[in-house]
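The values are calculated or read from the model by the stated rules, or taken from the named source; none is laboratory data. All of these numbers come straight from a predicted model, not from anything done at the bench. Ideal geometry is used to build each Cβ from the backbone, glycine not excepted, and the neighbour counts take in all protein chains shown. Areas reflect the complete protein model, heavy atoms only, side chains present, ligands, DNA and RNA absent. Shrake-Rupley method; radii C 1.70, N 1.55, O 1.52, S 1.80 Å.
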Amino acid sequence: MKPLAEFPRVDRKNIRGVLTDIDDTLTLHGQLPAIAYSALERLRAAGLLVIPVTGRPAGWCDHIARMWPVDAVVGENGAFWFRHDARARRLLKRYVVNDEERALRRARLGAIAGRILKEVPGSAIASDQEYREADLAIDFREDVPPLPLEQVQRIIAIMQAEGLTAKASSIHVNGWFGGYDKLSTTRLMMREDFSIDLDDTRAAFVFAGDSPNDQPMFRFFPNAVGVANVREMASMMQDLPAWVTPSPGSHGFAELADALLSAR
């Protein structure tokens, strides 16, 4: 990872959109400071596409799509995207898996959650689980005392043994049935809703993130940026971003916004 200051100005000038993780990328210590929200506003006002790509649940994403200064939001690690059509005054929802199949998959998650809680003391079902539509979120340091990374790896191993795709964020391990992820759904959304082929334009987009579930995005986007705290979980990653900000979380994201806007 190279310092953000080395991100070439000509490449920053050509950026058309910013895709961003939320937890510990836009937030800091579990909250969304004004500096990050303002950065989203400034980027969008400058004409860039602004799209959070998060592991957070459908209930949160409904609010984000309606009320944040964003063009859409990908949620639950790629289970869906929501987009608010201001002209039509309605929220558009697009799921990767149909309603019936999602219900069948969701019904199987309870037993897996029980096994994890039994085998990994100190873990807990995430407090936002009741707002989820497609995945299981196990908390390892949001509302519980932080678990060692070895225990996080154990949660991932149990999920995988049960047939789930499992990804760790900075606070949860998320598991779901199916092969989608943040990248696959982002590519689908950009093609369907924005008529953009990311395979041909990936250098024109930045992805900002900080944790292992961001790796597909780090691997795909040549101008991916990690906020400084990406280093905390680097030992669990094979794919790291090209650039890293001086500061962690929301302050790092604001530094990225400043770097992009100053080049325009």
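List of remarks:
- log₁₀ of I(q)/I(0) at q = 0.12, 0.16, 0.17 Å⁻¹ - the chain, Debye sum with one point per alpha carbon: -0.67, -1.21, -1.36
- Within a Gaussian network of the chain (alpha carbon springs, distance under 10 Å), most fluctuating of ALA46, ALA88, ALA204: ALA88
- Label point distance in nm, ARG264-SER235, each placed 7 Å from Cα along Cα→Cβ: 4.0
- With contributions of -39500 (n - 2.57) from each DSSP H run of at least four residues, the per-residue ellipticity at 222 nm computed over the chain stands at -10500 deg cm²/dmol.
- Cross-link partners of LYS93 among aspartates and glutamates, defined as those whose alpha carbon lies under 18 angstrom from its own and excluding same-chain residues fewer than eight positions apart: ASP62, ASP71, GLU76, ASP85, GLU101, GLU133, ASP135, ASP181, GLU192, ASP193.
- Taking every alpha-carbon pair under 8 Å whose residues sit at least 6 apart, the range 2-144 reaches a relative contact order of 16 percent.
- LEU48 contributes an accessible area of around 10 Å² to the protein surface, as traced by a 1.4 Å probe with all chains present.
- Springs between Cα atoms under 10 Å define the GNM used for the chain, and in it the highest mean-square fluctuation of THR201, THR186, THR20 occurs at THR201.
- Take every DSSP beta bridge whose two residues both sit in the chain; close to 55 percent of them are antiparallel.
- If you run the Gaussian network model on the chain, springs between alpha carbon atoms under 10 Å, then out of ASP128, ASP139, ASP210 the most flexible one is ASP128.
- Kirkwood radius and radius of gyration were both taken over the C-alpha atoms of the range 202-264, and their ratio Rg/Rh is 0.96.
- Straight Cα distances below 27 angstrom link LYS118 to the lysines LYS167, with same-chain residues fewer than 8 positions distant left out.
- Accessible surface ranking that places the most exposed of GLU232, GLU119 first, with a 1.4 angstrom probe: GLU232, GLU119
- Whole-Hz ³J(HN,Hα) from phi, Karplus 6.51 cos²θ - 1.76 cosθ + 1.60, for the range 207-221, glycine and proline x: 10, 10, x, 8, 9, x, 6, 8, 4, x, 6, 4, 5, 7, 8
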